[in-house]
Amino acid sequence: MGLYLHFSDDLPQINTLMDYRPPVVTTVYSDDGIKLAEIFKERRYVIGLDQMPDHLIKAFLSAEDSRFYEHQGVDFMGILRAVKKNLEAGGIVQGGSTITQQVTKSFLLTPERSFARKIREAILAYRIDNKFTKDQVLFLYLNQIYLGQGAYGVEAAARAYFGKKALDLNLAEAAILAGLPKAPSRDDPIRHPARARQRQIYVLNRMIEDDHISQAQAAQAQETPLKFISSSNLFLEQTPDYTEHIRRFVVEKYGEDMLYNGGLVIRTAVNIQMQKAGQAALKKGLEELDKRIGYRGPIKNLDPGQIEPFIAELAKNSEGAPLSEGMVVLGVVTEVSDSTKTTLVKMGGASGEIPIRNMRWARKPDPEKASFDVRISNPSQALSAGDVILVRAVKRPDGENPWELALEQEPEVQGALLCVETGTGQVKAMIGGYDFSKSQFNRAMQAIRQPGSAFKPIIYAAALDHPSKKFTPATKLIDTAIVFQDGPMDSVWKPKNYQQTFYGPTLLRDALAHSRNVVTIKILQEIGVGYAIDYARRLGITTPIARDLSIALGSSGTTLMEMVTAFSVFANQGTLISPTFITSIIDRDGRVLESLEPKGRRAIDESTAFVMTHLLQGAVENGTGWRAKALQRPVAGKTGTTNNLNDTWFVGYTPDFVTGVWVGFDNEKPLGKGETGSRTASPVWVDFMQEILKNRPAKTFPVSDGVVFARIDAESGLLATPQSKKTVFESFKRGTAPTQYAPITESPTIPGGLPRRDVTAEELMKKDI
């Protein structure tokens, strides 16, 4: 009694077990309910006993505490039996702790190994047995016990080892899990199958002794093949950039404890197939660009004596993963022949050759020369024996022929892609870089880069909406040299067009389509820098904007997300809808913490949005965005290229989706001669959009009621006549279309016999010309 009073003096209160709220996994899902990630510090799913099969419960009882329903928390008969078994075995093969004692140790005491702790444990176990029902104690135990692979509780273990729910486990699988509590790491069935097998047999034999199963059932369980799932990290496999953005958002808004322990169910807007399409398109585009930039050389060069040991090491590392077409692997150059134009390569257990056609791109990087100006003609210009390189398996060998290989290198250049659904603002895909496992910096959200000419549509939209300047798509502007001098700074700015020439009289629509720099600056001069900045804010641009005329050329940095948001205003008929990543967050108690409510506000006039869409369609049909015509459906968009070729963009949209692509180096060095937004970013955009739209019918952009159409003369911007050399069908905000006809200079009369001097707009309309 004295010992009891001594050790029970300051024992923890067992009432804390009444409110069992352990750390629980937070799960992230895609737009169609596919699991994207599990975020946790302890991987646990709390389930009731009714969600566990009877043979699973009995397996744990037989393995850990066969007299669980008979003793009062401490099993003295079990302790004596364990001592007898251990003496017979000459070591510890069976423990004397009951399940109740294990619950006590797990929840209320430290794991120290001492007699004092065991006495305290026994006292608490007795109290728990008198306070709680047996099923309540078993519920706590089966949800709390650590079973290896980061899994706490039987539900998490069932998913970790077998990829299924606990309720779906068969007897063989249940016996494997029941054998783990003693030593989860040592008896891990994936890493130590022989030890796990011994524990499984032990559990099945104990179940026979307890009359839970028959000899025949045990024998059948031992013969049942076990299929373990490979250990994987869903966070990295599915949508890493997207999931990491969600993680940061939840931590910032709700705290780390809620995210890692709160058992949240987070449903997102991401579409896995679109995300994969974006990853593939960006990867392909960056790899092609990286090759155009040039070959940076081998990973390293080996001395002759190092080659064979290195090949042997490659062979050892590739065991169980035979080479297949499309794989990119390490190899060692063993011979370079300029006479046969081939390079021989050893890749561990396989060998192959690189024909010159698969490495002509491997010129030395030179930003002053375009890639199409330089090709190597001999392999020795890039490679030598002993070079450790990356190669791609192109074609499987026939007979004795070696593998056909292609020289590869991992890109240094980076990029980002972001796609938003029109009408809802849901972000369907977001890729923040070439390889998330090597760089977690999200260039779609975090990188502030100069948008270049991709910013021009904002200036043009501001001009169309200016209350007094009366700009229209048919406004004629003069593209001529302009000079700005800053007296105090003694500096001179002479902006030029990308083509280094001036084009004279130019219609506003053509200036945007062909990305004329000087005309855009003159427009900004007319409407005012302050007005343009305020207008950009209405479209969702929040990053700082410099108060000078250079913003007409996209000199102020912004993010890809903000550029896509701004263009989405045009696609959404003038409404700014905040981009949405999360559609709902529900906590472990079923309370809704977040729920998607698309929030839209009128940013610009609906007719202005349509006129801009029509103008940006012209930029695709006749201007720098011409590659987007490959979609063969209505497309609007704009390229962007900074003067020094540091940043390249393409932001474009269809009636369904707005997508932006950025490409550049993290250190802001030039991409090289000729590498514009049209050549670097547009192909990525096209590949992605072709994939996500391939099963969708083509749609036209909805026309605003506040818009009228007119056929205009492409030279004068006035209404076209039959004598107009080139005409265009243009849209105008109601009340802004030209009312005069282009002058007729080629003949004294026009069809219908009307003398030139008598021609009026009304007469031409009557003649239905």
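The values are calculated or read from the model by the stated rules, or taken from the named source; none is laboratory data. A quick note: this is a predicted structure, and the numbers were derived from the prediction, not measured. Neighbour counts are summed over all protein chains in view; Cβ atoms, including those assigned to glycine, are modelled from backbone coordinates with ideal geometry. Each accessible area value is taken on the protein alone, full model and side chains, heavy atoms only, with ligands, DNA and RNA left out. Shrake-Rupley method; radii C 1.70, N 1.55, O 1.52, S 1.80 Å.
Before moving on, here are some points about what is shown:
- Flag for Ser185 being surrounded by fewer than 18 Cβ atoms within 10 Å (Cβ to Cβ), among the hydroxyl-bearing types (Ser, Thr, Tyr) and closer than 30 Å to Lys438 by Cβ: yes
- Segment 690-709, residues that are in contact with a strand residue (DSSP E or B) (Cβ under 9 Å, 6 or more places away or on another chain) and without any contact (Cβ under 8 Å) to a residue 60 or more places away in the chain: Val708, Phe709
- A single member of Ile586, Ile521, Ile541, Ile527 is surrounded by 17 or more Cβ atoms within 10 Å (Cβ to Cβ), within 31 Å of the chain's Cα centre (by Cα) and among the aliphatic types (A, V, I, L, M), and it is Ile541.
- Among the conditions (1) crowded, with 19+ Cβ neighbours inside 10 Å; (2) of a type in the set (A, V, I, L, M); (3) not in a helix (DSSP H, G or I), the only one that Ile190 does not satisfy is (1).
- Wholly within segment 107-176, helices (runs of 4 or more DSSP H) carrying at least 1 residues that are surrounded by 23 or more Cβ atoms within 10 Å (Cβ to Cβ) and at pLDDT 75 or above: 134-144, 154-162
- For Ala532: the one exception among (1) at pLDDT 95 or above; (2) closer than 22 Å to Ser716 by Cβ: (2)
- Residue count for segment 28-79, restricted to those that are charged (D, E, K, R), open to solvent by 10 Å² or more (accessible area, probe 1.4 Å) and part of a strand (DSSP E or B): 3.
- Selection from segment 581-602 of residues that are under 19 Å from Thr27 (Cβ atoms) and either part of a strand (DSSP E or B) or of a type in the set (A, V, I, L, M) (or both): Ile582, Thr583, Ser584, Ile585, Ile586, Val592, Leu593, Glu594, Ser595, Leu596
- Given (1) within 38 Å of the chain's Cα centre (by Cα); (2) surrounded by fewer than 20 Cβ atoms within 10 Å (Cβ to Cβ); (3) part of a loop (DSSP other than H, G, I, E, B), number of the condition Gly672 does not satisfy: (2)
- Residue selected from segment 431-485 under the condition among the acidic types (Asp, Glu) and under 26 Å from Thr520 (Cα atoms), by the criterion most open to solvent (accessible area, probe 1.4 Å): Asp465
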